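The values are calculated or read from the model by the stated rules, or taken from the named source; none is laboratory data. These numbers were taken from a predicted model, which means no experiment stands behind them. Backbone-built Cβ (ideal geometry, glycine too); neighbour counts: all protein chains shown. Keep in mind that these areas ignore ligands, DNA and RNA; they rest on the heavy atoms of the full protein, side chains included. Shrake-Rupley method; radii C 1.70, N 1.55, O 1.52, S 1.80 Å.
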Amino acid sequence: MQAMLEELNTLPGVLGTMLCDGEGRPVAQALPPEQLDASLREAAAAAADSLRALHAATGQATHLDLHYTTRRIVIVPLGDGSVVLVCEKSASPKVLLP
């Protein structure tokens, strides 16, 4: 899993990645220390949990793209959990999404 996160970190605009379980809790991460803080981790985990619920309810949620002042967080379902991509604000979703 760690190798997959490290590989995702090489995509243009990606600052770091995190894998969350089905409850939105981080289980693996490849986030540089300057990108990882408690509020970011909590926001990403809450959003990942929301995406899981949307996907379970509709079966159609493919990703969640959140825009912040200086960053963008893209969350993609993966099995029972999700992958969280912390990105530069200008990151292109076309490059990030499968």
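I'm told Asp65 meets every condition in (1) among the charged types (D, E, K, R); (2) part of a helix (DSSP H, G or I); (3) surrounded by fewer than 19 Cβ atoms within 10 Å (Cβ to Cβ) except one. Can you identify the failing condition by its number?
Looking at each condition in turn, Asp65 falls short on (2).
When residues of the stretch 76-98 are filtered for being in contact (Cβ under 8 Å) with a residue 40 or more places away in the chain and open to solvent by less than 40 Å² (accessible area, probe 1.4 Å), how many remain?
Within the stretch 76-98, residues that are in contact (Cβ under 8 Å) with a residue 40 or more places away in the chain and open to solvent by less than 40 Å² (accessible area, probe 1.4 Å) number 9.
Taking only the stretch 76-92 into account, find how many residues are assigned to a strand (DSSP E or B) and out of contact with any His (no Cβ under 6 Å at 6 or more places or on another chain).
Result for the stretch 76-92: 9.
Is there a residue in the stretch 14-24 that is charged (D, E, K, R), crowded, with 16+ Cβ neighbours inside 10 Å and not in a strand (DSSP E or B)?
Within the stretch 14-24 (the criterion being charged (D, E, K, R), crowded, with 16+ Cβ neighbours inside 10 Å and not in a strand (DSSP E or B)), the answer is yes, since at least one residue qualifies.
Right, Leu40: surrounded by fewer than 17 Cβ atoms within 10 Å (Cβ to Cβ) and in contact (Cβ under 8 Å) with a residue 40 or more places away in the chain or not?
For Leu40, the condition - surrounded by fewer than 17 Cβ atoms within 10 Å (Cβ to Cβ) and in contact (Cβ under 8 Å) with a residue 40 or more places away in the chain - is not met.
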